[in-house]
Amino acid sequence: MSSAASDNAHSSPSPRSTAACCRFPPGPAIRCWWFNTASFCGYTPQYRDLEALWLQYRDRGLVVLGVPSNDFGAQEPGTSAEIKSFCETNYAVDFPLTEKYRVVGGNAHPFYAWVAATLGEGAAPRWNFHKYLIGPDGALAGAWPSSVRPGDKAITQEIDKLLG
């Protein structure tokens, strides 16, 4: 871990908004599932799977958080309001979505900058729908690339383990 990196997601400098789910104090009920999104990507249908995870686990303490980004292939060109409307209309998304942010590079959202500083640039998203699971202690509990669907057994086993 880089000496400039925060110890965990709870202490990373996130803006105060729905993007700040990992700023809650550590505790048994808060786990956070971060993923960058795009409305015009081959992986966009994963919104359905993410909504299913949200419905399955939210009452047990999982926060599913989408972070729209236009960093890859300019596949998220809309405003935050347009993105939210698209997700609600086409995928019945009810989980929180942040404003649109950069997720790679020098202007990346603080959470993604923390991931890159903690695990190295290779852990930063390489495409849309890259997924990170944060445990109740604020540590990264898992990271999965775009090609791994949200309902994959490896992901749900890790969520079940964290939720107890």
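Over the Cα atoms of segment 28-163, compute the convex hull volume and normalise it per residue, giving Å³.
97 Å³
Pull out a ≥ b ≥ c, the square roots of the eigenvalues of the alpha-carbon gyration tensor of segment 99-154, then state rounded if a/c is under 1.5, prolate if not and a/b is larger than b/c, and oblate in the remaining case.
oblate
Quick one: length gained pulling Ala139 to Leu119 fully straight, 0.36 nm per residue minus the C-alpha distance?
That pair, Ala139 and Leu119, stretches by 6.1 nm at full extension.
If the cut-off is 18 Å between C-alpha atoms, which aspartates and glutamates fall inside it for Lys161, apart from same-chain ones fewer than 8 positions away?
Straight-distance partners of Lys161: Asp59, Asp137, Asp152.
Using the Cα centre as the reference, give the magnitude of the dipole from point charges on the C-beta atoms of segment 28-163 (Lys, Arg: +1; Asp, Glu: -1; all else neutral), rounded to the nearest 20 debye.
160 debye
Longer than 19 Å from Cα to Cα, which of Lys84/Lys153; Lys100/Lys131; Lys131/Lys153 are they? Say none if no pair is.
Violating the 19 Å limit, Cα to Cα: Lys84/Lys153.
Please provide three numbers in whole Å: the alpha-carbon extents of segment 74-118 along the principal axes, with the largest listed first.
Principal-axis extents of the Cα atoms in segment 74-118, largest first: 36, 21, 13 Å.
Every read-out reported here was derived from the displayed coordinates using simple, explicitly stated rules and does not represent laboratory data. Just so you know, these numbers come straight off a predicted model, no measurement behind them. FYI the Cβ positions are ideal-geometry reconstructions off the backbone, even for glycines, and counts take in every protein chain you see.
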